[in-house]
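Participant: Quick one: the structure is below, questions incoming.
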Amino acid sequence: MKLLGCMMSSIPGVRPGSLLLVLLLAALSHCVAASEAPSFEQALGALATSNFKQKERAAGELVGVRHANTRAVLDALLEGNLYYRKADKRVFIAVTQEAGLELRDALTLQSAGTADAADFSKITTNNQLRKTLRSALASFDLTDPDAQVRLGAVNEMLRSLDADSVSILRARERDEKDESVRQAIRTGLAIADLNHEDAARRLSAVEQLKGSLNPEVFNRLTALVSTSDDGSYTEPDAKVRSAARAALAGIENSRSFYSMLETLFFGLSLGSVLVLAAIGLAITFGVMGVINMAHGELMMLGAYTTYVVQLIMPQHIGASVLVAIPVAFVVAGGVGVLIERGVVRFLYGRPLETLLATFGVSLVLQQIVRDIFTANNRPVETPSWMSGSLQINEAFSITYNRLYVVLFMLIVFVILQWVLKKTSLGLKVRAVAQNRAMAKSMGVRTEWVDALTFGLGSGIAGVAGVALSQLTNVGPNLGQAYIIDSFMVVVFGGVGNLWGTLIGGMSLGVVNQFLEPHAGAVLAKILVLIALILFIQRRPRGLFPQLGRAAEG
Amino acid sequence: MHNKFGKLRGLGKLAVAVALMAASAAHAADTIKVGVLHSLSGTMAISETTLKDTVLMLIEEQNKRGGVLGKKLEPVVVDPASNWPLFAEKAEQLLVKDKVSVVFGCWTSVSRKSVLPVFEKNNGLLFYPVQYEGEESSKNVFYTGAAPNQQAIPAVDYLMNDVGVKRWVLAGTDYVYPRTTNKILEAYLKSKGVKDEDIMINYTPFGHSNWQRIVADIKKFGSAGKKTGVVSTINGDANVPFYKELGNQKISAEDIPVVAFSVGEEELSGIDTKPLVGHLAAWNYFMSVDTPENAGFIKKWRAFIKNDKRVTNDPMEAHVIGFNMWVKAVEKANSTEVNKVIDAMVGIEVPNLTGGVARMLPNHHLTKPVLIGEVRADGQFDTVWQTEGLVPGDAWSDFLPGSKDIEADWVSLKCGNYNTKTKKCSGQNYE
C-alpha cells in the first residue's frame, strides 16, 4: 500500500514510453530506499556499540522514527540505564539490584527477569551525546502541561539550535499560551533569524534581541560583529552590524551591573561565614575575655554533628540539617561547659596560660575526632533545597547554599542579641562582664554564669559548624582554617561588641571579594590582613570600641 | 662502686649490641628488605596509606610464590608524616640503617625532591608511582607514574580536537606540580595558535573552600561565544567544594567540561558525584577498565584490605607495575645490588592492568596508554577516549624552551640531563 502511494505520488505528469518506465523504476528504487530508513528495532540495535559517533547517529534515528518507546529508551540512555547483552547485542533497560540486573526489553518494555551483570555491557554516553539527547528529549517536553517544563525544554533547545529544532519551535509558537515560554521561543527564532539571508529580517532579529541577557544571544551577536581572518566581517550589512554593536553595548552594560551585584553578594556571603565563625568568639573572647584557641574545634564538632545526624536519619537528608542545628548547639555547648569547668576556670586572669591550655584542648579534640572518624574527610550531603541557584535573570543568579547562610547568620545574630539584651541570663552575663565583684555582691552566681556564657559561645560555634559543613570539607582540620579569621573579625569589630563583629565580618568579606578578581585569592587575603594590621595600629580597640566604664572591665 | 657497675652495664650493652648485630646479619642473609616510604599521617595520609597497603599486598603475594631469588621479602615501613624534610631523614634511615634493597614511596613532588639527594648520595633505588610534572630523571629513581606527555598533553589534545575547546582555563593549587604543568600547557597551547586572551590561569592555596568568585569568573570567561574547557591541577580536598560550586552555579560538563589530573576514584569515593557527571579525568588506568588482569587485581585488593567497597586507582597500578618490574630485574641480574638492578631494569616488560605492556625506557620512565574518562554517578569513570597504542614517557618536555634540548638516557648517554646542543651532561642534580 505504501509502495503504491509512493509510486502514485511520483507520477504527477504522465510521460510517454520508456521514459515513464525509467521514472517508475527510479521512483520504485527511491521508495525502497525510503522504506529502508532504519526501523526502531534497527536503530536500537545500532546503539550497542562503543563508538560514540555511531551512538549519536542511532539516537538521532530513534528520535526520527518517533516510536512510542523512543522516549523511554532515550531517558534510560541518558540516565545510564541502557545495557546490551554481550552474547546477542540485544538492548535492555536495566536497573542494578542486589541480585544483578533487573531487565526490561527495550523493544517491548516488558520485564525480562533478572540476570548476571557480567553478561551485559552498559551503553555509555559522553558529554556530546548527552547534550544531543537532552535537546532531543526537550522536543518531547514542548507539549507538557506544566509551563515550567516547557520553558526548560525551550531553553534546552536554545543551546543547540539547528534547522529541525527551529521548525519545531516555529510550529510550537502558535499554540503556546504561556507568555514566558512564548518569549523564550521568540528569542530562539530571532537567534535563528540572525542567519537569515534577508538583511531586513536579520536587522529586526537584532532589534528583537536587544535587551536579552541570554548568553547564546551575546555569543551570536559577538560573532556578527567579529571579523574573519581575511578582515571581512561575518555580517555583510553595515546597518545590521551597527545595530548589533548597539545591542551588544546595552547587554555589556547590564552585564557589568549584574556582575557588580554578584560581587557584592559574594562579599556578603563570605562575610556571613566570617561573622558566623566569629560570633561565638565575640562572646567568649569579647564578653568574657577568654582567649579560646579551641573555638575552631568547637565548630568542627558542630560539623561532625551534622554528619552523625545524617547517618542517623539517612532517609531525611533535607530535614537533617535543620535537626543538626539544635543538636550541634547542645553538643558544642556541652563540650564548651566542660572546657570551662575543667580548664578555663582555673586560669581566669592569666591569658597566656589560657591560650596555651585551650590550644592543648584543641589538639586533644582533633585527635579524638581522628580516632573516632579517621583522619579522612567525612562526606556531608547537601540537602536538595540547598543546592542549585536562584536564577534572578540570565546574567545573575544566587546560589541557594550561600543565600541560606546569609539568612541563617542574620537569624543567629538576632537570637543572640535577644538573649543578651532581653533574658535574665543575658542580664547576668553583661553584669559579670562589666563588674564581676559588684555582680557577685548583688547575688549573681558568677561561676555559674561563666560556665553558661562559655557554653553559649561554644554552642554558637557548633551552630556555625553546621553551616560550614555545607560549604567546606568536614575533616579534623576544619577548625584551624577559621580560627585566625575569627579572631581577626572580633578584633577588627571591637572586642565585646556584637554589632562590631557583624559590621567587621561583613566589610572584611566584601573588601576581600572586590579585591579578589584583581589580585587573586592569595594576594587578596594578604592585602586584607595588611590593611587590618594598619587599622589596628591606628585604632587598637577596633571599629566600635567599648566606651565609658565598660571599657575598663 | 658506681663506676664499676657503670662499666659492667656498658659491657652488657656491648654484648647485647653485638648479639643483635649478629642476629640482624643472619636475618639479612635470608630476607630481602623492601622499604616503604609513604605518609601514614598528616594531610597526605588519605592518599598514601593506600599505596603502603598496596606494596604490603604485593610483598605478601610474592612471598607466597616463594619470594625473590629464594629469599623472602621483608617490608620495612616508615612514616614520614607528610613532612617534607622528614622524608629525607626517613629515606636516609632506610638506606643507611635498614639497608633496604629498594624503596617504594613518595607522592607529592616536593617529597620526591626532598629525598632525591639522599638516594643519589647513598646510591639507593626508588620507585615513584605518581603522575608528576617531569623535568627530572635520576639514575636512582624509576618513575612509574605519568610524565606530562602521558597525561596533560593528550588530555588537552582531546579537548581541542574531540570536544572543540577554544578557550582555556588552567586552574591549579599553588605549588610546584601545577605551576610546572601549566607552564608546559601554556607553551603547548600557544604553539597550537591559542591566543593570550583565550587562556586564563588561576592559582589557589591548598584547602581553598570559597570558590564562588573563581567559578563565577570561569562562567563569565566561558560565555564569550567560544567553547571553553577547564584544565584542573587542583590538588587534595579543595576539589570537593570546587566541584560543589560548579554544580550550584549550574556549570554542567556539557557546557564547560573540567578535566582533572589529580582526581581519581579514591578522591571521588568520599563525595556525592551526581553533580559531577560528565566532568573528565585523564589517567593511565581506571578501575572500570574491563580486562581480566584488572578484575583479578581488584578482587585481590579487596580480599587483602578486607573491604569489598574499596576502590583502586592509577598510582596503585603504577606500584603494581614497578614492583613486578623490580622483581623481574632482580631475577635477571641475579642480585639485589642496586647498580646491577638499575642496569637490568631498562627494557624490562610487564603487563599493565589495562591490557597493554609497560616497558621501562632508558630515561627511567614507562610506556603507558592514556585514558580519558568521564565521571559517572557512582564515582567511577567511563573511558571515552584512549590513545591508539602506548605512549613513551618523556622526562624533559619538548614545549619548554629550557628543556626541549635536554635528553635523558641511562643506557647510551649514562646521563639524566644531556644537553643535545652543548653536548654536555649537567650532572645528577640539574636545576
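Any read-out appearing in this document is the output of simple, stated calculations on the displayed coordinates, not a laboratory observation. What you are looking at is a predicted structure, and each value in this text was computed from that prediction instead of being measured. Don't worry about glycine lacking a Cβ; one is built from the backbone with ideal geometry, like all the others, and counts go over all protein chains shown.
Participant: Which length gain, in nm to one decimal place, applies between A:S160 and A:K89 when the Cα-Cα distance is subtracted from 0.36 nm times their residue separation?
Facilitator: 22.4 nm
Participant: According to a simple spin-label model (label point 7 Å from Cα along Cα-to-Cβ), what is the distance in nm between A:S111 and A:A519?
Facilitator: 6.5
Participant: Answer rounded, prolate or oblate for region B:258-405, using the Cα gyration tensor with square roots of eigenvalues a ≥ b ≥ c: rounded when a/c is under 1.5, else prolate when a/b is larger than b/c, else oblate. Provide the component values of the computation, followed by the final result.
Facilitator: Values: a/c = 2.38, a/b = 1.36, b/c = 1.75.
Taking the square roots of the gyration eigenvalues as a ≥ b ≥ c, region B:258-405 is oblate.
Participant: Which whole number gives the average, over all residues in A:398-404, of C-beta atoms from other chains lying within 10 Å of the residue C-beta?
Facilitator: The shielding value for this peptide is 3.
Participant: Related question: Report the FRET efficiency, 1/(1 + (r/R0)^6), for A:F373 and B:F304, where r is their Cβ-Cβ distance and R0 is 22 Å, rounded to 0.05.
Facilitator: Between A:F373 and B:F304 the formula returns 0.40.
Participant: I would also like to ask the following. Let me test this: with uniform point scatterers at the alpha carbons of region A:271-380, what is the Debye-based log₁₀ I(q)/I(0) at q = 0.11, 0.12, 0.17, 0.22 1/Å?
Facilitator: Evaluating at q = 0.11, 0.12, 0.17, 0.22 Å⁻¹ gives log10 I(q)/I(0) of -0.39, -0.46, -0.87, -1.25.
Participant: Need one number: nm distance between label points at A:Q183 and A:V149, each 7 Å from Cα along Cα→Cβ, rounded to one decimal.
Facilitator: With each label placed 7 Å out from Cα toward Cβ, I get 2.3 nm.
Participant: Mind ranking A:195-201, A:495-501, B:71-77 by how tightly packed they are, going by the mean number of other C-beta atoms within 10 angstrom, highest first?
Facilitator: Those peptides, ordered most packed to least, come out A:495-501, B:71-77, A:195-201.
Participant: What ranking do B:258-268, A:57-67 get when scored by the average of other Cβ atoms within 10 Å per residue, highest first?
Facilitator: For the peptides B:258-268, A:57-67, the packing ranking is B:258-268, A:57-67.
Participant: With the Cα gyration tensor of region A:142-236 in hand, convert its eigenvalues to equivalent ellipsoid semi-axes via √(5λ) and list them largest first in whole Å.
Facilitator: 27, 12, 12
Participant: Give me A:L281, A:L274 ranked fewest to most by other Cβ atoms within 10 Å of their Cβ, as a rough exposure proxy. Walk me through the numbers on the way to the answer.
Facilitator: Working: A:L281 30, A:L274 26.
Ranked by crowding around the Cβ, least crowded first: A:L274, A:L281.
Participant: Starting from the coordinates of the alpha-carbon atoms of chain A, obtain the Kirkwood hydrodynamic radius over all distinct pairs and give the value in Å to one decimal.
Facilitator: Result for chain A, one decimal place: 29.3 Å.
Participant: Order these peptides, A:94-102, A:534-542, A:80-88, by their mean beta-carbon neighbour count within 10 angstrom, highest first.
Facilitator: A:80-88, A:94-102, A:534-542
Participant: In addition: A:T222 versus A:I168, label points 7 Å from Cα toward the beta carbon: distance in nm?
Facilitator: Label at A:T222, label at A:I168, 2.7 nm between them.
Participant: Applying the Karplus parametrisation 6.51 cos²θ - 1.76 cosθ + 1.60 with θ = phi - 60° to the phi angles of region B:212-223, what ³J(HN,Hα) value in whole Hz is obtained for each residue in order, glycine and proline being reported as x?
Facilitator: Rounded to whole hertz, the list is 4, 5, 5, 5, 4, 5, 4, 4, 5, 4, x, 9.
Participant: Using bins 10 angstrom wide from zero, how does P(r) for region A:40-128 break down, in % of all Cα pairs?
Facilitator: Histogramming region A:40-128 at 10 Å steps yields 19, 56, 24, 2 percent.
Participant: Using only DSSP helix segments of four residues or longer, with each worth -39500 (n - 2.57), what per-residue ellipticity at 222 nm results for chain A after dividing by its residue count and rounding to 500?
Facilitator: Calculated from helices alone, the mean residue ellipticity at 222 nm is -22000 deg cm²/dmol.
Participant: Just to be sure I understand: with springs between alpha-carbon atoms less than 10 Å apart, which residue in B:V68, B:V277, B:V96 has the highest mean-square fluctuation in the Gaussian network model of chain B?
Facilitator: B:V96
Participant: Assuming R0 = 45 Å, can you tell me the calculated FRET efficiency for the pair A:R245 and B:K121, based on Cβ-Cβ distance, to the nearest 0.05?
Facilitator: The computed FRET efficiency comes out at 0.10.
Participant: A follow-up question, please. What pairs from A:K131/B:K183; B:K244/B:K309; B:K113/B:K183; A:K89/A:K131 go past 27 Å between their alpha carbons? Provide the component values of the computation, followed by the final result.
Facilitator: Working: A:K131/B:K183 32 Å; B:K244/B:K309 24 Å; B:K113/B:K183 19 Å; A:K89/A:K131 25 Å.
Beyond 27 Å: A:K131/B:K183.
Participant: Arranged by the count of other C-beta atoms within 10 angstrom, fewest first, what order do B:W107, B:W84, A:W385 take?
Facilitator: So the residues, fewest neighbours to most, are A:W385, B:W84, B:W107.
Participant: Rounded, prolate or oblate, given the Cα gyration tensor of region A:462-533, with a/c below 1.5 counting as rounded? Intermediate results must be reported in sequence, preceding the final value.
Facilitator: Working: a/c = 1.86, a/b = 1.13, b/c = 1.65.
The shape class here is oblate.
Participant: Further, regarding this structure: Which number do you get for Rg(Cα) / (2.2 N^0.38 Å) in region B:110-156? Please list the in-between numbers first.
Facilitator: Working: Rg = 11.7 Å, N = 47, 2.2 N^0.38 = 9.5 Å.
Working it through for region B:110-156, the quotient is 1.23.
Participant: How big is the protein assembly as shown along each principal axis, measuring the range of its Cα positions in Å and listing the largest first?
Facilitator: 138, 85, 65
Participant: Normalise the Cα radius of gyration of chain B by 2.2 N^0.38 Å (N = residues in it) and let me know the number.
Facilitator: 1.05
Participant: Got a sec to turn the phi values of region A:392-401 into Karplus ³J(HN,Hα) couplings, 6.51 cos²θ - 1.76 cosθ + 1.60 with θ = phi - 60°, whole Hz, x for Gly and Pro?
Facilitator: Karplus-based 3J(HN,Hα) across region A:392-401 equals 7, 8, 6, 10, 9, 9, 10, 6, 4, 4 Hz.
Participant: I would also like to ask the following. Putting +1 on Lys and Arg Cβ atoms and -1 on Asp and Glu Cβ atoms, find which of B:T312, B:H208, A:A171 reaches farthest to the positive end of the dipole of the protein assembly as shown.
Facilitator: Of the listed residues, the answer is B:H208.
Participant: Among B:E48, A:E340, A:E381, which comes first, then next, by fewest other beta-carbon atoms within 10 Å?
Facilitator: Values: B:E48 28, A:E340 24, A:E381 19.
Taking fewest neighbouring Cβ atoms as first place, the list is A:E381, A:E340, B:E48.
Participant: Under the definition of partner shielding as Cβ atoms of other protein chains within 10 Å of a residue Cβ, what is the mean value for peptide B:207-218?
Facilitator: Partner Cβ neighbours, averaged per residue: 6.
Participant: Sticking with this one: Sorted from largest to smallest, which semi-axis lengths in Å does the alpha carbon gyration tensor of region A:499-538 give for its equivalent ellipsoid, taking the root of 5 times each eigenvalue?
Facilitator: 18, 13, 6
Participant: How much length, in nm to one decimal, is gained on full extension between A:T423 and A:L264, taken as 0.36 nm per residue of separation minus their Cα-Cα distance?
Facilitator: Numbers: separation 159, 0.36 × 159 = 57.24 nm, distance 3.51 nm.
Contour length minus Cα-Cα distance gives 53.7 nm.
Participant: Assuming R0 = 30 Å, what is the FRET efficiency of A:L356 and B:V110, from their Cβ-Cβ distance, to the nearest 0.05? Please report the intermediate quantities before stating the final value.
Facilitator: Numbers: r = 31 Å, r/R0 = 1.04.
So, using R0 = 30 Å, E works out to roughly 0.45.
Participant: In addition: Using the scaling law 2.2 N^0.38 Å as the reference, what is the normalised Cα Rg of region A:410-547?
Facilitator: On the way: Rg = 17.4 Å, N = 138, 2.2 N^0.38 = 14.3 Å.
Relative to the 2.2 N^0.38 Å estimate, region A:410-547 comes out at 1.22.
Participant: Here's a follow-up. Hey, got the average number of other protein chain Cβ atoms within 10 angstrom for residues in A:247-260?
Facilitator: 0
Participant: If you don't mind, there's one more thing I want to ask. With θ set to phi - 60° and the Karplus curve 6.51 cos²θ - 1.76 cosθ + 1.60, what are the ³J(HN,Hα) couplings of region A:236-246 in order, to the nearest whole Hz, using x for Gly and Pro?
Facilitator: Working through the residues one at a time gives x, 7, 5, 5, 4, 4, 5, 5, 5, 4, 4 Hz.
Participant: For A:K210, give me every one of the aspartates and glutamates with a C-alpha distance below 16 angstrom, ignoring sequence neighbours fewer than eight places off in its own chain.
Facilitator: A:D193, A:E252, A:E394
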